[in-house]
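Below: the structure, in structure tokens.
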């Protein structure tokens, strides 16, 4: 469900203004299915470029590749961006429109769209899958959140974005899931400006790459009490004395600085909506083969997620 949802809401509806159909037919569009392969390739390429000889060969290859004619039917170029997106007032028109002398080239348009697709779809699928898995592994929290949603919302139409935003326990579950299982768990890279920068009291020279590992920061005992435990209460006011000293500002799932994630508000809205609708409508049970689903996953920019097997049945207890 996570993979299908990620393609339908974003980038399907939000970016291109058209559904990808994942929830209807249960199949991922090629542009969505290829994301894990792209992440593996990109991560490997970045590491290999640390070697000067390999970097030279890769730069030569990419120069040739960018000049070579491309097939219009590859997953990388599907769906194609056309001027009809402007005429039909699709959201992507913000990228396509503009003065003639300032318009992006077709290659630039597709590169930007692909970046939006990867950033918004894979991360959302990871957050939803991680949240559901963690809830199913901690039945106390699952029972409390499910009961809260089914008690406070008598119909699914009552679960509006504004109403869900005020659900403190739902927000706490999502924040704790982001802390334990950040969708982009690797390093956040930033480069110092020409005049250099002072970081933690040390002068860093210009053009120096700095990084922070999200997963390590989230799991550090310097930042959080019982860092490997799922404790949604650490995000709820008033906080207990046990978690009062947690450095909640250390958790940066949407990156950091003036160029952090521009889609964070939409991500929060979608995560609340999908998780709430799922728990309101369905009773969930973790299948035995997925009991250790989160244990052995590898990271290539994103988590390389195996299928999460969950048994779903219509909700049996709901306040009408």
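On the basis of being at pLDDT 95 or above, under 26 Å from residue 186 (Cβ atoms) and touching a helix residue (DSSP H, G or I) at 6+ places or on another chain (Cβ under 7 Å), does residue 230 make the cut?
When the stated conditions are applied, residue 230 passes them.
Have a look at 236, 173, 256, 204 and point out the one that is touching a strand residue (DSSP E or B) at 6+ places or on another chain (Cβ under 7 Å) and more than 22 Å from residue 39 (Cα to Cα).
None of the others qualify; the one that does is 204.
Take the residues in region 148-183 that are farther than 14 Å from residue 270 by Cα, free of Cβ contacts under 8 Å to residues at least 24 places away in the same chain and assigned to a helix (DSSP H, G or I), then tell me which one is farthest from the chain's Cα centre (by Cα).
152
Among all residue pairs at least 6 apart or on different chains, which show Cβ distances below 7 Å where the first residue, located in region 239-265, is on the phi > 0 side of the Ramachandran plot and surrounded by 11 or more Cβ atoms within 10 Å (Cβ to Cβ) and the second is assigned to a loop (DSSP other than H, G, I, E, B) and modelled with pLDDT under 90?
255/261
Residue-by-condition table, conditions (1) assigned to a loop (DSSP other than H, G, I, E, B); (2) over 22 Å from the mean Cα position of the chain (by Cα); (3) on the phi < 0 side of the Ramachandran plot; (4) modelled with pLDDT of 95 or more:
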| residue | (1), (2), (3), (4) |
| --- | --- |
| 69 | yes, yes, yes, no |
| 73 | yes, yes, yes, no |
| 98 | yes, yes, no, no |
| 108 | no, yes, yes, no |
| 113 | no, no, yes, no |
| 120 | no, no, yes, no |
| 130 | no, no, yes, yes |
| 136 | no, no, yes, yes |
| 142 | no, no, yes, yes |
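What's the number of the only condition in (1) under 28 Å from residue 282 (Cα atoms); (2) modelled with pLDDT of 80 or more that residue 52 fails to meet?
(1)
Filter region 44-56 down to the residues that are in contact with a helix residue (DSSP H, G or I) (Cβ under 9 Å, 6 or more places away or on another chain) and either loosely packed, with under 13 Cβ neighbours inside 10 Å or assigned to a helix (DSSP H, G or I) (or both) and list them by number.
45, 48, 54, 55
Do we find a residue being exposed (fewer than 13 other Cβ atoms within 10 Å of the Cβ) and within 24 Å of residue 43 (Cα to Cα) anywhere in region 296-303?
yes
For the structure I just gave you, tell me whether residue 224 is at pLDDT below 95 and either closer than 24 Å to residue 290 by Cα or not in a helix (DSSP H, G or I) (or both).
In short, no.
For region 205-219, state whether one or more residues are crowded, with 17+ Cβ neighbours inside 10 Å, within 25 Å of residue 145 (Cβ to Cβ) and modelled with pLDDT of 95 or more.
Within region 205-219 (the criterion being crowded, with 17+ Cβ neighbours inside 10 Å, within 25 Å of residue 145 (Cβ to Cβ) and modelled with pLDDT of 95 or more), the answer is yes, since at least one residue qualifies.
So residue 183 fits all but one of (1) under 16 Å from residue 283 (Cα atoms); (2) in contact with a strand residue (DSSP E or B) (Cβ under 7 Å, 6 or more places away or on another chain); what number is the exception?
(1) is the only condition that residue 183 fails.
The values are calculated or read from the model by the stated rules, or taken from the named source; none is laboratory data. All values derive from a computational prediction rather than experimental measurement. FYI the Cβ positions are ideal-geometry reconstructions off the backbone, even for glycines, and counts take in every protein chain you see.
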